[in-house]
Structures are given as C-alpha cells and as structure tokens.
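The values are calculated or read from the model by the stated rules, or taken from the named source; none is laboratory data. All of these numbers come straight from a predicted model, not from anything done at the bench. Here the Cβ positions follow ideal geometry from the backbone for every residue, glycine too, while neighbour counts run over all protein chains shown.
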Amino acid sequence: MRPRPIANPPNPWSSTAVEYLEEIPTARVELYDDATSSILARNDSPELGFRFSVNPYRGCNHGCAYCFARPSHEYLSWGAGTDFDTKLLVKRDAARLLRTAFDKPSWKGELVMFSGVTDCFQPIEASLRLTRACLEVCAEYRNPVSIVTKGPLIERDLGVLARLRDEAFVSVAISVPIWDQALARAIEPGVATPKRRIQTIRALASAGIPVGVMVAPIIPAVSDEGLAEVLEAAREAGASFASYVLLRLPGAVKDVFTSRIKEALPLRAEKILHRVCETRQGKLYDARFGIRGRGEGPYAEAIAGAFEATTRRLGFELSRPEVPDTFRRPFRPAPQLSLLL
C-alpha cells in the first residue's frame, strides 16, 4: 500500500485533536506490543456463526475503507482513518495465551474464528508468524477452526491447515468483495488483486482444504456489478460455499468510506452513497440486528436475489457442514519426583 497523508475523522473519545497547519505528514507503519492477558474474544451476536474468535492483531495494513473495526482504534485515543491502517498492535504472546485458554477445564473445544475483527494474514504476519503459531496450537489440541482472510499469505500454512483438516476441522473463506481491479485498488489499497485471491482459493482447494468465497462487503453500485464474475471465478477455482454481507458503515467508518470514495472515485461517489442509502431507509447505516448485514428495500432485495440465484446456478453448497467434537488436550506426562526427596 502506498504511503498516504495522515487522515483521521474526529475521535469522540479523545479530549484532544491534531490539526496540521502546513504540510501533512505521511502515515507510516508502527508496531506496538499489546499486553493483553487473554486471547479468546467472545461474542453473543445472533448474526454470527461463532462465539469465540482470535485476533492476533489490532488495526490492519490492508487499509480497506469499509472496515467495520475502525472505530475500535478510537478507544485507544487513536484515529479510525490512517491510524487504523498504520498503528498496529501485535499480541506477541498470542500462542501462549491460547494454549493457556485451552488448558482451562471450562474450555470445551468450540469452533474458533480467526479474523473475527482484523485480518490475521495481513502483511506483518509474514514476519511475526503469530497466526501461524496460534493455528499450530489449535492443531495440537485438535480444536476446530474457521478462517476469513483476504491474504494470499495463508498459502504458506497449507501444512498446518491440512493437519487441522485431518485431525479436527478447518474451513477457510477468502474475501473477494470487488471484481474490478481498479475499483478494488481504490477501496482496498493494501490487498492483493481480486484475481490473486482467486488463485489462493485454487491453491487451498487443490490441497484439499475446504474453502469458499465471501463477497463481503457488497458495496452498492460497486460490488454488485461484478458479483456474478466473483462467484463464477471462485467456483471454477474450487470454492464450495459462498456468503455475503452488505456494506456496514458504523461510527467513523462512514466518514472514512465517504472521504475515500470522493477522493479516489469522484465520478461515482454520489451514486455509491445514494445506493447505500437505498438499502438503509435513506441513511448510510442501520445498526438493527437482522438488518445491518442484509439491508432492506427493493435494491437490497435485488442484491439478495442475484446472489441466491447465482450460487444456486453454480452449485454452491447451501448449508455449512456440522462442526465435529474433536478437541483433545495433548497428553503430558507428570514431572518425575526426585528419589532424593
């Protein structure tokens, strides 16, 4: 991703604000250690198919303008804009914390989602390998895993994914929300091209890893134009399932997204925002459960109908497989007492 000038919406949680009177500095990637004492995040959302997730990183260098996790950086007195893209918190003890969690008697081996918030295979994973270490812990304990990512870096870990497939459960969804490369680069500046992500689907499928495509988010007047092309390419590459989520713009995300498309796509920006409002009763966002991920109204219904018709035509699986109970704590012999005691 090319360096961009620092740009953040006003932070409602911060008592101070920065205003540059002359040239605005360039945002550069900075890593900060996250001293969290736990790694498993729990959610009770009725819309999600998992209760527990692991996020080795906070913030994401993919820089997607629509990322719903952006407001989480505001709680750290940072910004939801370029701060989220470049000020990255890393949980260096993630694998140890996960092993500790799995050793607790209360843990029963439920499915663990990777990238429930920020992408676990974003660029810094290439050197830090925190996601890889966590997946190895899951394989060691035979704990079921589900992964959502845009990062081709996942191809590096085919070995541990195969072990999870054979001894536990693993499912991978590759996110490809936009088919047109120029549009994707404007909105997802730090992500591999759509066609490169299709290659990742092919690599996983060829290795026998259960893989699907996630068209998320569908951006009205952007994603829906290439919806069929994404699904057809993914299916041809070996994707067995598909899902979608409509664009969500909570909190400061709407400011980041609006600013980005007006800057990068000035001739399309007003049409995009108008179409978004068509799916949200005239607003840019509606937080109601059951509505926020699908929208409502004729335009949202048309998107849903097109997605359903195309996935049926292409023969995608219509239901997800049941997650088996495979969790086992590894045997560790008790330490031998000294005969001299």
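Within region 313-329, if we keep just the residues that are closer than 14 Å to Ser146 by Cβ and surrounded by 11 or more Cβ atoms within 10 Å (Cβ to Cβ), the residue that is nearest to the chain's Cα centre (by Cα) turns out to be Arg320.
Matching residues to (1) closer than 21 Å to Val191 by Cα; (2) surrounded by fewer than 20 Cβ atoms within 10 Å (Cβ to Cβ); (3) of a type in the set (A, V, I, L, M):
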| residue | (1), (2), (3) |
| --- | --- |
| Glu74 | no, no, no |
| Ser77 | no, yes, no |
| Thr100 | no, yes, no |
| Phe121 | yes, no, no |
| Glu140 | no, yes, no |
| Glu155 | yes, yes, no |
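Selection of region 269-292 for residues being touching a residue at least 40 places away in the same chain (Cβ under 8 Å) and buried (at least 16 other Cβ atoms within 10 Å of the Cβ) yields Ile272, Arg275, Val276, Glu278, Thr279, Arg292.
When region 4-37 is limited to residues that are part of a loop (DSSP other than H, G, I, E, B) and of a type in the set (S, T, N, Q), the one that is modelled with the lowest pLDDT turns out to be Ser15. Entry remark, region 157-180: residues being surrounded by fewer than 22 Cβ atoms within 10 Å (Cβ to Cβ), touching a residue at least 24 places away in the same chain (Cβ under 8 Å) and in a helix (DSSP H, G or I) number 7 in total. Can you list residue pairs whose Cβ atoms sit under 7 Å apart, with the first residue in region 200-223 being closer than 21 Å to Arg320 by Cβ and the second being among the acidic types (Asp, Glu)? Count only pairs 6 or more apart in sequence or on different chains. That search, which allows pairs on different chains as well, returns Thr200/Glu155; Ile218/Asp224. Test Asp286 against the stated conditions and say whether it is part of a loop (DSSP other than H, G, I, E, B), closer than 30 Å to Asn11 by Cα and touching a Gly at 6+ places or on another chain (Cβ under 8 Å). Criteria met by Asp286.
Inside region 38-91, residues that are in contact with a Pro (Cβ under 9 Å, 6 or more places away or on another chain), farther than 17 Å from Pro250 by Cβ, touching a residue at least 60 places away in the same chain (Cβ under 8 Å) and outside any helix (DSSP H, G or I) make up a count of 4. Residues that are outside any helix (DSSP H, G or I) and of a type in the set (S, T, N, Q) were ranked within region 234-279; the one that is nearest to the chain's Cα centre (by Cα) is Ser243. Which condition number in (1) at pLDDT below 95; (2) in contact with a Gly (Cβ under 9 Å, 6 or more places away or on another chain) is the one that Val117 fails? Exception for Val117: condition (2).
Residues considered: Arg235, Arg288, Arg275. Of these, the only one that is modelled with pLDDT under 95 and of a type in the set (Lys, Arg) is Arg288. The C-beta contact set for region 307-326 (first residue closer than 18 Å to Glu225 by Cα, second residue loosely packed, with under 11 Cβ neighbours inside 10 Å, distance under 9 angstrom, 6+ apart or interchain) comprises Thr311/Leu318. Total residues in region 191-216 satisfying the condition of being charged (D, E, K, R) and crowded, with 23+ Cβ neighbours inside 10 Å: the figure is 1.
Tally up the residues in region 189-216 that are assigned to a loop (DSSP other than H, G, I, E, B) and within 22 Å of Asp157 (Cβ to Cβ), please.
Total satisfying the criteria: 8.
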